[in-house]
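As structure tokens, the structure follows; a few thoughts come after it.
The values are calculated or read from the model by the stated rules, or taken from the named source; none is laboratory data. Fair warning: this is a prediction, and the values are worked out from it, not measured in the lab. With ideal geometry, Cβ positions are generated from the backbone for all residues, glycine too; neighbour counts draw on all protein chains shown. These area figures cover heavy atoms from the full protein model, side chains too; ligands, DNA and RNA do not enter into them. Shrake-Rupley method; radii C 1.70, N 1.55, O 1.52, S 1.80 Å.
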Amino acid sequence: MKRLPPWAKKPLGPASSLHEMKSILRKRNLHTVCESARCPNIGECFTKPTATFMILGDVCTRKCGFCSIDKGRAPLSVDPHEPSNIALTAKELALKHVVITSVTRDDLPRGGAGQFALTIKAIKDNIFGILVEVLTPDFEGDGEALKVVLDARPDIFNHNLETVPSLYSQVRPQADYRRSLQVLKDAKASGVMTKSGIMVGLGETKDEVKEVLRDLFASGCDAVTIGQYLRPTRQNLEVKEYVDPTVFKEYEDYGKAIGLKHVYSGPFVRSSYNAEKLING
Ligand code: SF4
């Protein structure tokens, strides 16, 4: 197993904000992707007016090689109180920017798009001026499902490509690279700000990453995040490489040079990390 280089180490940050957030979430039967994904930024993010909530339970119907979220047991039934509980929690925490993500629920009608719409609406009806970003699955390419989410008028539509096409069979076996690009293109056609993200260090080449950046630009994507893959558990894919910070800078410069408006590239960059910066700069 590769040794963690100094630039890939990060102190956890204040435990107090972590515990406070966790107790509030438990009280309302809510989930965050931060915990399941063992995100290195968890301590830092919970001190900011931004939070990411994971809807539709914590069991996924897919098996991505990089992800430590529960799979293989029956997904949970949809909680009808989840949208209002998230709105209540966002108000209580005085959040300015909320990211709504989910496990993939290929077992539900329209992949659970309705719960995204209800959650966006509950937050926007209760908190004036709050920014709502959605980080959605691909809904198996179902255009009607996408329309249900976009009609609820999120401020930012995010869908991650996660990696380069040649690695899909290991990293995202139930997803399709072209289908995910089409989801972003269709979302952009509705006029919403779009965003996508990939991880590096899974065995991709620099040329492959640059090709993905060109594809994202061609799909009209406004913002891209590029971060280092970190192995959450021994059941997950090995880290093939700890990418040097100079290479992250090269990707950032290349992305901006081809015309991408916002490119966040660095070892700890994640799709929701510093999400509020995208609109507020
Ligand atoms: S679809 Fe999302 S939640 Fe499900 S295994 Fe893949 S990354 Fe994890």
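Based on Cα contacts under 8 Å between residues 6+ apart, segment 150-281 shows a relative contact order of 25 percent. Averaging the sequence gap over all C-alpha pairs within less than 8 Å and six or more residues apart, then dividing by the number of residues, gives segment 142-210 a relative contact order of 45 percent.
Remark: the E211-R26 segment gains 62.4 nm on full extension, using 0.36 nm per residue and subtracting the alpha carbon distance. Relative to the Cα centre, the charge distribution of segment 11-280, modelled as +1 at Lys and Arg Cβ and -1 at Asp and Glu Cβ, gives a dipole magnitude of about 380 debye.
With a Förster radius of 35 Å applied to the C-beta separation of K10 and S169, the computed FRET efficiency comes to 0.70.
With the cut-off at 28 Å, tell me which of the pairs K10/K185; K27/K48; K91/K195 have Cα atoms farther apart than that.
Distance filter (> 28 Å) returns K10/K185.
Between the residues A187, V98, N85, the greatest Cα displacement towards the positive end of the dipole of segment 11-280, with unit charges on the Cβ of Lys, Arg, Asp and Glu, is found for N85.
For segment 11-280, the relative contact order is 16 percent, taking Cα pairs closer than 8 Å that sit 6 or more residues apart in sequence and dividing their mean separation by the residue count. At a Cα cut-off below 15 Å, give the aspartates and glutamates reachable from K9, other chains included and same-chain residues fewer than 8 away excluded. K9 reaches E44, E241, D244. Among E82, E92, E252, the residue with the largest mean-square fluctuation in a Gaussian network model of the chain, with springs joining Cα atoms closer than 10 Å, is E92. Distance between the 7 Å Cα→Cβ label points at E144 and H19: 4.9 nm. Backbone amide hydrogens, once placed in the peptide plane, bring V103 within less than 5 Å of I55, excluding anything fewer than 5 places away on its chain.
A Cβ-based charge dipole, computed about the Cα centre of segment 138-262 with Lys and Arg at +1 and Asp and Glu at -1, lands at about 140 debye. Residue separation of R3 and S190 scaled by 0.36 nm, minus their Cα-Cα distance, works out to 62.8 nm of gained length.
Electrostatic tally near S77: other residues with Cβ closer than 12 Å to its Cβ, Lys and Arg +1, Asp and Glu -1, net -2. For the chain, what % of the accessible area comes from carbon and sulfur atoms, probe 1.4 Å? Reported share for carbon and sulfur atoms: 55 percent.
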